[in-house]
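Engineer: Structure below; questions to follow.
The values are calculated or read from the model by the stated rules, or taken from the named source; none is laboratory data. Quick caveat, the model's predicted, so the values are computed rather than measured. Cβ atoms come from the backbone with ideal geometry, glycine included; neighbour counts cover every protein chain shown. Calculation scope for accessible area: heavy atoms of the full protein, side chains included, ligands and nucleic acids excluded. Shrake-Rupley method; radii C 1.70, N 1.55, O 1.52, S 1.80 Å.
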Amino acid sequence: MMIGNDNGFSAPPGNAPGRGQSADDEEAPQQFAAPGDDDGHIESASVSEVPDALSGVSMELLEIKRSIEDGMRQAISQAAGVRAADAFSDAGNIQGVSIGLGEGASDSSSGEPGMPALTLYVAEPTSVDRAKAAIVGAMGVRAVASDKVPVNIVVTGVIDAQPHRFRLRPAPGGVSVGHFRITAGTIACLAVGRTPPRNTRLMILSNNHVLANANGGVFNDCIVQPGPIDGGRCPQDQIAVLERFVPINFSGGVNFVDCATGWAWPDRVRPELVYLSGGVPAYFRISNALVAPALGMLVGKSGRTTQLTQGRITGLGATINVNYGGGRIALFQDQIAITGVSGAFSAGGDSGSSIWTWNQQRNPVGLLFAGGNNITFANQLRRVVAALDINLYT
C-alpha cells in the first residue's frame, strides 16, 4: 500500500512530546491516532500456525529433526535457560538444526549437492561423524547415525540476539531504533492493527528485544530513533511508545517469534526503507504481500549496521538456541537461515530488519532477529503479523 506522509493523521498535544491523545474508535482507519494514555497495560500477543514449508522433505529426515529439537528443548528446560560453563561439549555444541541443501561429500557435509539435508549449526568446528555421535550419545537419536542420513555442519559460533546511526525525520525503515533501556536495533517497516482501536494506530515493527527490552518493557515506554547507543534520548528523539509484544519464553518453552510494535506519531515516521547511496540517503518501498520462504530464495534487507545487503535462504524450519545475554537462552523453532551472497548478511544492530525478496516485487519474507558467524536467522513474517494481529503498511 502506498501512502502519503502529511495528510489526515492526528497528532499528539504540542506541549507533550512523550504522550499522545487517545484514539477515537470511530475514526477512519487511515486517520491514525497518536500514542495515548488510555491503554495502561501490555496487550499480549499469541502465535498462530502457518502452512508447513517443508512438506516435500522425507518423513525420516523430519522425524530426526524433531527428535533433535526435543533434545534441545529438554536441555534448556533442565538448565533453566542458563548456559553452563561446559555448554559446548558433546551435544551442547549444537546450537540449532534446520533442513538445508546438501553440499557434497566432505568433512562438513554428507549430503548430495542440491538435495535436502539435515543442517546442524554448531558453536565450534566439528565433523559430521562427531556431531552424529554427540546426538546419539546425549539425545538418544540413534537414527541420525545411519550413513543414509545426509548432514551439513555449519559453524555459527554462539547465536546471539543482535541487540546493537543517523537521525532521520520522518524515520524510515532500516534505521537505528530502540527502547530507551537498550542499545539499538532496526525499524522493519510500518504496520497497522487489524481491529479497532488498533486500526487507527500507525506503528513501527521490530523485535521484542529491540522495542520491548526482551520482555522488560511496559505499555507506553519511550522508543527513540536513533537507538540509545547511537545518541537517541527521551523525549527529544522519541518517535513511538511500546504498544504490543510477544513475550519470549526463557524456560525451555518453544518460541516462534521475537517481535513487537511501537505506536508512532504519524509525522515522525514514513513508509519507505532507506539505504546510503554515495553517502546520501536513498529511499525505496517494499510490498505488503507476504510470501513463504523457500530454499535458495534470494533476499535483501536494510539494517542499522550493515545497511543494504543481499543473501540467500539456506535453511528452513531451523530450531536454534539464542543467547540474549545475562545467561538467558531461548529456544526458537521454524526459523529461516540466511547466508550473505557477498560478505555478512547482517551484524549486531541489524535486529528487527525486514527481509524481502530481491526482485521487483520486494515481497516480505522474514523479520531478522539473531545471527552467528555470518549466518542470519529470521522469524517468518507470516507468523509475526498473525501474532501481533497487524497488517504491514508499506
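Engineer: Select from segment 304-352 the residues that are within 23 Å of residue 291 (Cα to Cα), in a loop (DSSP other than H, G, I, E, B) and hydroxyl-bearing (Ser, Thr, Tyr) and list them in ascending order.
Structural biologist: 346, 351
Engineer: Here's a follow-up. Could you check segment 296-322 and list, in sequence order, the residues that are open to solvent by less than 30 Å² (accessible area, probe 1.4 Å) and among the hydrophobic types (A, V, I, L, M, F, W, C)?
Structural biologist: Residues satisfying the conditions are 299, 313, 316, 318, 320, 322.
Engineer: Follow-up. Kindly state which strands (runs of 3 or more DSSP E) lie completely within segment 176-270 and contain at least 1 residues that are open to solvent by 40 Å² or more (accessible area, probe 1.4 Å), of a type in the set (A, V, I, L, M) and more than 30 Å from residue 66 (Cβ to Cβ).
Structural biologist: So the answer is none; nothing clears 1.
Engineer: Got at least one residue in segment 277-291 being open to solvent by less than 10 Å² (accessible area, probe 1.4 Å), assigned to a loop (DSSP other than H, G, I, E, B) and of a type in the set (Val, Ile, Thr)?
Structural biologist: Yes, segment 277-291 has at least one match.
Engineer: Additional query: Residue check: is residue 298 within 25 Å of residue 169 (Cβ to Cβ) and not β-branched (Val, Ile, Thr)?
Structural biologist: Criteria not met by residue 298.
Engineer: Quick one: residue 155 ticks every box in (1) farther than 23 Å from residue 300 by Cα; (2) surrounded by fewer than 24 Cβ atoms within 10 Å (Cβ to Cβ); (3) touching a strand residue (DSSP E or B) at 6+ places or on another chain (Cβ under 7 Å) except a single one, so which number is it?
Structural biologist: That leaves (1) as the condition not met.
Engineer: Does segment 369-387 contain at least one residue that is in contact with a Lys or Arg (Cβ under 8 Å, 6 or more places away or on another chain), outside any strand (DSSP E or B) and open to solvent by 30 Å² or more (accessible area, probe 1.4 Å)?
Structural biologist: Within segment 369-387 (the criterion being in contact with a Lys or Arg (Cβ under 8 Å, 6 or more places away or on another chain), outside any strand (DSSP E or B) and open to solvent by 30 Å² or more (accessible area, probe 1.4 Å)), the answer is no, since none of the residues qualifies.
Engineer: State the number of residues belonging to segment 337-368 that are on the phi > 0 side of the Ramachandran plot and open to solvent by less than 10 Å² (accessible area, probe 1.4 Å).
Structural biologist: Residues that pass the stated criteria total 2.
Engineer: Shifting gears a bit: Limited to segment 323-336, what total is found for residues that are within 19 Å of residue 354 (Cβ to Cβ) and open to solvent by less than 30 Å² (accessible area, probe 1.4 Å)?
Structural biologist: 3
Engineer: Taking segment 102-134 on its own, how many of its residues are closer than 17 Å to residue 317 by Cβ and crowded, with 20+ Cβ neighbours inside 10 Å?
Structural biologist: 7
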